[in-house]
Amino acid sequence: MRSLKYLFVSVILLGLSSFDVTEKEEVKWLTFEEAIALHEENPKKLLIDLYTDWCGWCKVMDKQTYSQNEIASFINENFYPVKFNAEQKESVEFRGHTFNYVAQGRRGVHELAAALTRNQLSYPTTVFMDEELRIIQPIAGFLKPAQMEPILLFIGNDHFKTTEWEDFKKNNKTSL
């Protein structure tokens, strides 16, 4: 009877040890206004995910790229991450200017999304802004984790200030 009890406990413990108890890191998305308010207290770069509700690749990027623990952790540590619907109807005040939604045909566009992408709208687009809230670079299109990692390192660690992107990619094989 005693050995049966030990066998039972062993099986339970073995089963429990196979569960992954690692806590899942998630990007702590902010609104544009929340990020600007935090930035005023403590300047930090912004990473802005421009998306639309109908964009399939935006949803895939959320599931495949932003859901990666290392990526989410690096973003949370080095940026104020912003989720911005490029078709939102609410106005946004930024640097003394009011950005509004502009209706166009069946869909419209938010003026802030157009400004952040330099009128090259595409979804998803990841926009990076520096600590002075100047646009570093908008990057259009779906980014796989392996594509996003070097970009995050390049911008998050300020390599963009001293190194050309091609040189960085060639000489940097580190990951997050």
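Bear in mind that the values in this text are calculations on the coordinates, not laboratory data. Note that the coordinates shown come from a computational prediction; the quantities given were computed from them, not determined experimentally. No Cβ is skipped: glycine too gets one built from the backbone with ideal geometry, and neighbour counts run over all protein chains shown.
Structure notes:
- Principal axis dimensions, largest first and in whole angstrom, of the chain by Cα: 78, 43, 32
- Dipole of the chain [Lys/Arg +1, Asp/Glu -1 at C-beta], most positive-end residue of Cys55, Ala115, Ile36: Cys55
- Length available on full extension from Ala37 to Ile136: 0.36 nm per residue minus the Cα-Cα distance, which gives 33.7 nm.
- Extending 7 Å from Cα along the Cβ direction at Gln120 and again at Trp57 yields two label points whose distance is 1.3 nm.
- For the chain, the dipole from Cβ point charges (+1 on Lys and Arg, -1 on Asp and Glu) about the Cα centre works out to 740 debye, to the nearest 20.
- Note on Glu26 and Glu70: the extension gain reaches 14.9 nm, defined as 0.36 nm multiplied by sequence separation minus the Cα-Cα distance.
- Rounded Å value of the spacing that divides the Cα centres of the range 135-158 and the range 49-99: 13 Å
- Restriction of the trypsin sites (Lys or Arg not before Pro) in the range 138-176 to DSSP coil positions whose beta-carbon has at most 10 other beta-carbons within 10 angstrom yields Lys173.
- Qualifying GluC sites (Glu not before Pro) in the range 24-54, where qualification requires a DSSP coil assignment and no more than 15 other C-beta atoms within 10 Å, comprise Glu26.
- Sparse packing (at most 12 other Cβ atoms within 10 Å of the Cβ) combined with a DSSP loop state is found for the following trypsin sites (Lys or Arg not before Pro) in the range 56-121: Lys89, Arg95, Arg106, Arg118.
- Additional length obtainable on full extension of the chain from Glu77 to Arg95, 0.36 nm per residue less Cα span: 4.0 nm
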